[in-house]
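Peer 1: Structure provided below as structure tokens; questions to follow.
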Amino acid sequence: DPKIIQKPKYLVAVTGSEKILICEQYLGHNAMYWYRQSAKKPLEFMFSYSYQKLMDNQTASSRFQPQSSKKNHLDLQITALKPDDSATYFCASSAGVSNERLFFGHGTKLSVL
Amino acid sequence: GDQVEQSPSALSLHEGTGSALRCNFTTTMRAVQWFQQNSRGSLINLFYLASGTKENGRLKSTFNSKESYSTLHIRDAQLEDSGTYFCAAEAASSSFSKLVFGQGTSLSVVP
């Protein structure tokens, strides 16, 4: 019974289009994150949110915009998609923003053609 | 620059044997976590350590902040232990939880 739900599991998009990756967590956590795993690279931190406020942003491109409509939701909108954006995007959560164990969703595998 | 150096990159174990994975840190880290990524791609949190040693079943992990390394020991390896293992650490200079991941160790347990 997954406690962090990511939708969809797989996503195929065309270059230039826009997609939204959905994440909901039912762990009662206050902090949520997005990480990206590209081929042949370690997982990379993208964003952290605490109580729906952006805490840290390590993504250079403004094409990536997190959206938090509720404390347990953190969606990721990606605009003007490029083939280089192809990766698995993992949502994660923790009880607080520091010194806390991190739990991951199963990921959304995005392929941009 | 690279802050987490993980080794080995790949490892093959026979069932029932054991080995250790290691992460060296090039900057001071305040905590480390270890994850297993299974065949379905899911990331499972194995350990969180701010210091010292923790044990869970056939797994044991140590974090030495002063000497900037962490290890994950696997004993009596089973087929289901196959997968990729990642260490990830929080820099002491970081205000918020931002994990820096190692490159991963691809573990294959064979009969």
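Peer 1: Of all the strands (runs of 3 or more DSSP E) wholly in the stretch B:51-111, which have at least 1 residues that are in contact (Cβ under 8 Å) with a residue 40 or more places away in the chain, within 14 Å of another protein chain (Cβ to nearest Cβ) and of a type outside the set (Gly, Ala, Ser)?
Peer 2: So the answer is B:83-91, B:99-101, B:105-110.
Peer 1: Give me the residue from the stretch B:1-41 that is of a type in the set (A, V, I, L, M) and within 21 Å of residue B:107 (Cα to Cα) and, out of that set, surrounded by the most Cβ atoms within 10 Å (Cβ to Cβ).
Peer 2: Across the stretch B:1-41, the extreme among qualifying residues is B:32.
Peer 1: For the condition within 12 Å of another protein chain (Cβ to nearest Cβ) and over 30 Å from residue B:6 (Cβ atoms), what is the one hit in A:41, A:19, A:53, A:7?
Peer 2: Only one candidate passes the filter, namely A:53.
Peer 1: Just the residues that are outside any loop (DSSP other than H, G, I, E, B) and within 10 Å of chain B (Cβ to nearest Cβ), please, taken from the stretch A:75-113.
Peer 2: Of everything in the stretch A:75-113, those that are outside any loop (DSSP other than H, G, I, E, B) and within 10 Å of chain B (Cβ to nearest Cβ) turn out to be A:88, A:90, A:92, A:94, A:103, A:104, A:109.
Peer 1: Scan the stretch A:43-58 residue by residue and report those that are buried (at least 18 other Cβ atoms within 10 Å of the Cβ) and either in a loop (DSSP other than H, G, I, E, B) or among the small types (Gly, Ala, Ser) (or both).
Peer 2: Listed by number, the residues that qualify are A:43, A:48, A:50.
Peer 1: Does residue A:67 fit the bill of being modelled with pLDDT under 90 and touching a strand residue (DSSP E or B) at 6+ places or on another chain (Cβ under 8 Å)?
Peer 2: no
Here is a yes/no grid of residues against (1) of a type outside the set (Val, Ile, Thr); (2) more than 11 Å from the chain's Cα centre (by Cα); (3) more than 18 Å from residue B:45 (Cα to Cα):
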residue: A:42; (1), (2), (3): yes, yes, no
residue: A:56; (1), (2), (3): yes, yes, yes
residue: A:67; (1), (2), (3): yes, no, yes
residue: A:75; (1), (2), (3): yes, no, yes
residue: A:78; (1), (2), (3): no, no, yes
residue: A:90; (1), (2), (3): yes, no, no
residue: A:96; (1), (2), (3): yes, yes, no
residue: A:99; (1), (2), (3): yes, yes, no
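Peer 1: Right, here's the next one. Output the residues belonging to the stretch A:88-104 that are in contact with a Lys or Arg (Cβ under 8 Å, 6 or more places away or on another chain) and under 10 Å from residue A:29 (Cβ atoms).
Peer 2: Scanning the stretch A:88-104 gives A:94, A:95, A:103.
Peer 1: Looking at the structure I just gave you, is residue A:48 over 19 Å from residue B:100 (Cβ atoms), at pLDDT below 95 and not hydrophobic (A, V, I, L, M, F, W, C)?
Peer 2: Here the answer is no, as residue A:48 does not meet what is asked.
Peer 1: For residue A:35, state whether it is under 17 Å from residue A:97 (Cα atoms) and within 12 Å of chain B (Cβ to nearest Cβ).
Peer 2: yes
Peer 1: A further question follows. If I ask for residues that are surrounded by fewer than 16 Cβ atoms within 10 Å (Cβ to Cβ) and either acidic (Asp, Glu) or in contact with a strand residue (DSSP E or B) (Cβ under 9 Å, 6 or more places away or on another chain) (or both), which ones from the stretch B:42-63 would you list?
Peer 2: B:44, B:50, B:51, B:52, B:53, B:54, B:55, B:56, B:58
Peer 1: Restricting to the stretch A:12-43, name every residue that is in contact with a Lys or Arg (Cβ under 6 Å, 6 or more places away or on another chain) and of a type in the set (A, V, I, L, M, F, W, C).
Peer 2: Listed by number, the residues that qualify are A:13, A:22, A:27.
Peer 1: If you don't mind, there's one more thing I want to ask. Based on what the data block shows, is residue B:93 more than 18 Å from residue A:41 (Cβ to Cβ), among the hydroxyl-bearing types (Ser, Thr, Tyr) and surrounded by fewer than 14 Cβ atoms within 10 Å (Cβ to Cβ)?
Peer 2: yes
The values are calculated or read from the model by the stated rules, or taken from the named source; none is laboratory data. Owing to the predicted nature of the structure, the values given are computational and were not obtained by experimental measurement. Note that each Cβ is placed from the backbone with ideal geometry, even for glycine, and that neighbours are counted across all protein chains shown.
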